[in-house]
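Read-outs: derived from the displayed coordinates by stated rules, not from any lab. What you see is a predicted model, and the numbers here were worked out from it, not measured in a lab. Here Cβ is always computed from backbone atoms with ideal geometry, including for glycine, and neighbour counts include all displayed protein chains.
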């Protein structure tokens, strides 16, 4: 019972973040386009003061970036836990996918081999994913 409840909770993150992220990115793109126009219905969205309009655009773009990062993280987490629940997970893969593992720890995991196990060494992919999300 507890595992089905946690599975529902982990799937609700992307279900909520996805539409909100798409909507806010769309709104940010429309607002940025409205900033570049001087006539038409979109020009009415922009405040007359340029500094306020730029502050609004910066706030919208920062929130969009944060939401997009969280959405990607929740998708990767959902994929990771679905793979773990079906086959199990090796310790290096668990440590590489954990957000509490520092970057020094990730560098240490790059040279770690899982010998004697039939499982593939997925921790290198998790390390690559963590590096890509940090860039």
Q) Rounded to the nearest 0.05, what FRET efficiency is calculated for residue 23 and residue 113 with R0 set to 41 Å and r the Cβ-Cβ distance? A) 0.35
Q: Largest first and to the nearest Å, give the Cα extent of region 8-75 along each principal axis.
A: 47, 21, 13
Q | Stretchable slack from residue 132 to residue 37, in nm (0.36 nm times residue separation minus alpha-carbon distance) | A | 30.7 nm
**Q.** Label point distance in nm, residue 72-residue 57, each placed 7 Å from Cα along Cα→Cβ
**A.** 2.3 nm
